[in-house]
Amino acid sequence: VVNLGALPARAAAGKIALIPAVASGLVAEVSMSAEASVPLAARLLALGRKFGWRVIFTGAGGPIDKRLRASLSAAISYMESNGLARSVIAAALGSYGIGVSPRGPFPEAPPEAEGILQACIAALANQGSRLLADAVARRPSDIDAVAVLGGLFPRWQGGPMFQADRQGLLVMRADLIKRAQTAPQLYAPDPLWDELIANGQDFGTMNGAA
């Protein structure tokens, strides 16, 4: 996280988090106060383009990347506490493209891969929903961009919010409710799931409305 001390004193204070990407360039999460000026935002966008960054403006409570990674780590720790070896978990994630070079080769998927991957994707998507509800992320596509460009999620899988829509919000919400029986802090569905389902919407709808 780099303080923007070089910016004009009258501009609202902000922070910029630079997250190295595996695939290409950098994604820069910029958190600024509500009073931040339009010229300041424009300068940050210009700076991002100069260095080849994807600039994503966020609210307080991030960075998005840190919270996503914390949820993934929590899911891994939870599975380890239930008897799964870390090597098996790593192989499952690697076979999907999480934590490996996009050029491969990928490790062979273990028999437990499907359950491991679903547990991790559900945790990431639920954290994504919380990021939206907390106004840290402006739109689901920003969460997916951070996850992909930051090397957390494979580009060809679209991101955790894309995967939530792909699986169906009703299906993933039911999975979250089941998992929340033993790990509520990680899997208890954020209320946004119910709101979107009740309105016949999904996370992609929020992208269009943003």
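The values are calculated or read from the model by the stated rules, or taken from the named source; none is laboratory data. Fair warning: this is a prediction, and the values are worked out from it, not measured in the lab. Please note: Cβ atoms are built from the backbone with ideal geometry, for glycine as well, and neighbour counts cover all protein chains shown. Ligands, DNA and RNA are excluded from the accessible area calculation, which covers all protein heavy atoms including side chains. Shrake-Rupley method; radii C 1.70, N 1.55, O 1.52, S 1.80 Å.
Only one residue of Phe106, Gln118, Ser81 has its Cα farthest out toward the positive end of the dipole of segment 22-153, where Lys and Arg carry +1 and Asp and Glu -1 on Cβ, and that residue is Phe106. The calculated FRET efficiency for the pair Glu195 and Arg166, based on their C-beta separation and a Förster distance of 22 Å, comes to about 0.65. Computed on segment 93-136, the Cα convex hull volume stands at 61 Å³ per residue.
Skip the ligands, DNA and RNA, and give the accessible area per residue of segment 31-175 with a 1.4 Å probe, whole Å².
Working: 6730 Å² over 145 residues.
Here the residues of segment 31-175 average 46 Å² of exposed surface.
Residue separation of Ala180 and Arg49 scaled by 0.36 nm, minus their Cα-Cα distance, works out to 43.0 nm of gained length.
Please report the carbon-and-sulfur percent of the accessible area for segment 61-110; probe 1.4 Å, protein heavy atoms only, DNA, RNA and ligands left out.
Details: 1440 of 2600 Å².
The computed percentage sits at 55.
Given segment 68-210, what whole percent of its Cα pairs are spread farther than 23 Å? It would help to have the intermediate numbers written out before the result.
Details: 3154 of 10153 pairs.
Percent of Cα pairs beyond 23 Å in segment 68-210: 31.
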